[in-house]
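The values are calculated or read from the model by the stated rules, or taken from the named source; none is laboratory data. Since the model is a prediction, treat every value here as computed from it, not as a measurement. Quick reminder, even Gly has a Cβ in these numbers, built from the backbone with ideal geometry, and neighbours come from all protein chains shown. Areas reflect the complete protein model, heavy atoms only, side chains present, ligands, DNA and RNA absent. Shrake-Rupley method; radii C 1.70, N 1.55, O 1.52, S 1.80 Å.
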Amino acid sequence: MIFIAPLSITNSFQMALAASGSGSSGSSSENRVQFDLVDEPGRWFKNVAGDITNSGTQSLAVGTPGVRVDFNIRSNTVHTVTSLIFPQNAQGMPFDQPKASKSSQSVTLQTPGLYVFTCKVHPYMFGAVIVDDPQTQGLDLGENISLVNGITVPTSSDLATRLLRTFFIATAPSNWQDYRQSTWHVTYPNVDIRIAGGAVVNLPTVLNARYGNDIALEAPFDPSTAGVGKVWVDTQFELTKNKSKPGTATKIDTTTWDIERKVALPSINMNNPHNMWTDRDQKLIYQTQWFDSKLTVFDAATGKLVKNISVGESPAHVMTRTDTDQVHVTLNGEEAVVELAPKATGIQREIPMQKEGEPESHPHAHWMSSDGQKMVTPNAFSADSTLYSFDSDSIEAKPTTGAIPIATGMMPDDSKYYVANLLDSTISVIDMDENSTTFGQVIKTINLIENYDPISGAITGPVGALPIQTPVSPNGKYMVTANTLTATITIVDTATDEVVTMLGCDAGCHGVQFGAKNGGGYYAYVASKFSNSLLVVDADPNNDGNVSDAKIAGRILLTASSTTAKDDTITGNAGMGGQGVLATPIPYNGWVQNLPATLKSQLTSEQQNPIGQ
Ligand SMILES: [Cu+2]
């Protein structure tokens, strides 16, 4: 589809944009762009020239062929500058770094068209540069764009405009879904763009025609059946008064669905809290600071700081071993998992996730086996997965999976595990049966975009583009996956490893964890980065193992109420940035059996032994 709109931009205005995109240190005639890489929500690639289109994004720059783009890291942790999208066959592309670092980067862009840079550690950090040929009408997006994983599509395609829309939502907090409002407005730069076939179209006209605008938001509602215990959500982008870094952990009481507490921890300037787990007694919350180097421990009941431990660069996810209660934290900015003593009383060792001489792994969201003997990691940089055995203290398999593996899920009987490959929109199924001839091998690849036509945008069945967290239900019947590009939740039947159904999600759909439902069964809690609501998914309402009747059972507003306990005053991005989720008591096989008796007694006998052992 091509939309022709009246020109609203002239070549002289384009030149003005190009000049305003130049760095503060450069003269107005210098063809130069400067991005600071920071940990401020939305503005992760911050154009030092500011919001050049007056649309809310500070992550867009415009230059002309030969533009020099500088990237300066101004953050507490390491990053990469990686070309996610670039004009097909563009000179010097793709641009990447094999290892994350704090050092500045610079690239010169010659070929006109659209370039989007990301960080492979934090793959929703986006900075875009349009290299515009001043001789043509409209800002040049180019004929075709290539993605770093090899996909090439016309700039007029649905995939191209969907990615553009995601860029403008992700990078402008004013474009996030605020469920205190009844409608959701997205502001795009009011510019004309030149796309495939030389067509010149108005950007907001195209995006509004394809995806709508001022979309009605469903009012939050409580599930009719209570949960068991508490749900914690990392509202990673919420801002508070007494610290410079973003993020709170939000605690929900699932018996009332009230927001019970917000933990900001201003005393340690807690920075981008990303993912959580708890100890056997469910008394401590282990909290990673993903844009930093710390694992924080706080008291689950009071929110009080227990300790703040330096573990390494960009700690992403944390889980415990069921047999020892040791704590394992992935170092997404490095190549190892840190092992800590029970209750995180101290670091015991670093476990490399690759062998000597192999490419650096940079693991993100690992999973631990129910027997405590295995750990699996998705290795964001080496496009594979490590299957590590504590028993043999060795890497037993390292199958290639896909582009930017980001999260894992595992069967409760440790028979197989799943790896979500973010950029490929696939899930690799890996055999864990030690008696099998295919142990440690990919036995199936689930294509989550099989029912999606990237050119026309036609969707003919369940679709999940850019999948992230993907846990398996505690009873092993199904897997729930959060997909960030399509804002959908896909559900896979683990007996067939086929996608059975799809539910709608929010912008930046990201985190999933299971919690027990009162009286039997489970809820999957789904958090979204660019929204302030948490979805409560009942994937199997009648608990018969068939998920074709999956439904959204509730939508919880994540903003503080007058009764919410707080350790700081909320000042912005209220309830936004939903990422890691943790439901306590932990319902997963292996962990659930170790719960204190008072918590176990709140569960049905089936929930206490989810696979009947
Ligand atoms: Cu990063």
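Worth pointing out:
- T563 surrounded by fewer than 20 Cβ atoms within 10 Å (Cβ to Cβ), modelled with pLDDT of 95 or more, among the hydroxyl-bearing types (S, T, Y) and not in a loop (DSSP other than H, G, I, E, B): no
- Candidate set: the stretch 118-163, residues that are open to solvent by 10 Å² or more (accessible area, probe 1.4 Å) and within 16 Å of the ligand (Cβ to nearest atom); chosen: the one nearest to P363 (Cα to Cα): K120
- Qualifying residue in the stretch 181-191 (condition: polar (S, T, N, Q) and touching a Ser or Thr at 6+ places or on another chain (Cβ under 8 Å)): yes
- Unique residue being under 18 Å from the mean Cα position of the chain (by Cα) and either under 26 Å from Q579 (Cβ atoms) or of a type in the set (S, T, N, Q) (or both) when the list is I406, I351, I347: I406
- Residue check for T490: polar (S, T, N, Q) and part of a loop (DSSP other than H, G, I, E, B): no
- Only one of T302, T288 that is open to solvent by 30 Å² or more (accessible area, probe 1.4 Å), out of contact with any Cys (no Cβ under 8 Å at 6 or more places or on another chain) and assigned by TED's automatic domain parsing to the domain that holds P471: T302
- The condition of being outside any loop (DSSP other than H, G, I, E, B) and surrounded by fewer than 24 Cβ atoms within 10 Å (Cβ to Cβ) holds for only one of V463, V429, V419, V512, that being V429.
- Criterion applied to G113, G150, G138, G127 was being at pLDDT below 95 and not hydroxyl-bearing (S, T, Y), and the one residue passing it is G150.
- Test: residue in the stretch 114-132 that is over 26 Å from the mean Cα position of the chain (by Cα) and part of a loop (DSSP other than H, G, I, E, B): yes
- Selected residue [in the same structural domain as P587 (by TED's automatic domain parsing) and within 16 Å of the ligand (Cβ to nearest atom)] from S314, S293: S293
- Flag if N269 is in contact with a Lys or Arg (Cβ under 6 Å, 6 or more places away or on another chain), open to solvent by 10 Å² or more (accessible area, probe 1.4 Å) and either in contact (Cβ under 8 Å) with a residue 60 or more places away in the chain or within 29 Å of E40 (Cβ to Cβ) (or both): yes
- Among the residues making up the stretch 260-278, those that are of a type in the set (A, V, I, L, M, F, W, C) and outside any loop (DSSP other than H, G, I, E, B) are V263, I268, M276, W277.
- All positions within the stretch 57-75 that are surrounded by fewer than 19 Cβ atoms within 10 Å (Cβ to Cβ) and under 24 Å from W176 (Cβ atoms): R74
- The set of residues in the stretch 24-51 being at pLDDT 95 or above and open to solvent by 30 Å² or more (accessible area, probe 1.4 Å) consists of R32, E40, R43, K46, V48, A49, D51.
- Strands (runs of 3 or more DSSP E) enclosed by the stretch 44-110 - at least 1 residues per element that are within 16 Å of the ligand (Cβ to nearest atom): 45-47, 67-73, 82-87, 105-109
- Filtered residues of the stretch 174-196 (kept if farther than 20 Å from S59 by Cβ and either among the polar types (S, T, N, Q) or in the same structural domain as G578 (by TED's automatic domain parsing) (or both)): Q181, S182, T183
- Scanning the stretch 323-333 for residues that are among the charged types (D, E, K, R) and touching a Lys or Arg at 6+ places or on another chain (Cβ under 9 Å) yields one hit, D325.
- Number of residues in the stretch 532-560 that are among the small types (G, A, S), open to solvent by 10 Å² or more (accessible area, probe 1.4 Å) and assigned to a loop (DSSP other than H, G, I, E, B): the value is 4.
- Note on the stretch 256-278: residues that are touching a strand residue (DSSP E or B) at 6+ places or on another chain (Cβ under 9 Å), farther than 18 Å from V38 by Cα, of a type outside the set (K, R) and more than 16 Å from the ligand (Cβ to nearest atom) total 13.
- Within the stretch 427-453, being touching a Phe, Trp or Tyr at 6+ places or on another chain (Cβ under 9 Å) and either free of Cβ contacts under 8 Å to residues at least 12 places away in the same chain or more than 29 Å from A487 (Cβ to Cβ) (or both) holds for D431, M432, D433.
- Filter result for M432 (in contact with an Asp or Glu (Cβ under 6 Å, 6 or more places away or on another chain) and at pLDDT 95 or above): yes
- Members of the stretch 168-187 that are assigned to a helix (DSSP H, G or I) and crowded, with 20+ Cβ neighbours inside 10 Å: F168, I169, A170, T171, P173, N175
- Within the stretch 347-395, strands (runs of 3 or more DSSP E) holding 1 or more residues that are at pLDDT 95 or above, crowded, with 24+ Cβ neighbours inside 10 Å and touching a strand residue (DSSP E or B) at 6+ places or on another chain (Cβ under 6 Å): 374-379, 384-389
- Residue in the stretch 328-339 that is open to solvent by 10 Å² or more (accessible area, probe 1.4 Å), more than 14 Å from the ligand (Cβ to nearest atom) and either of a type in the set (S, T, Y) or touching a helix residue (DSSP H, G or I) at 6+ places or on another chain (Cβ under 7 Å) (or both) present: no
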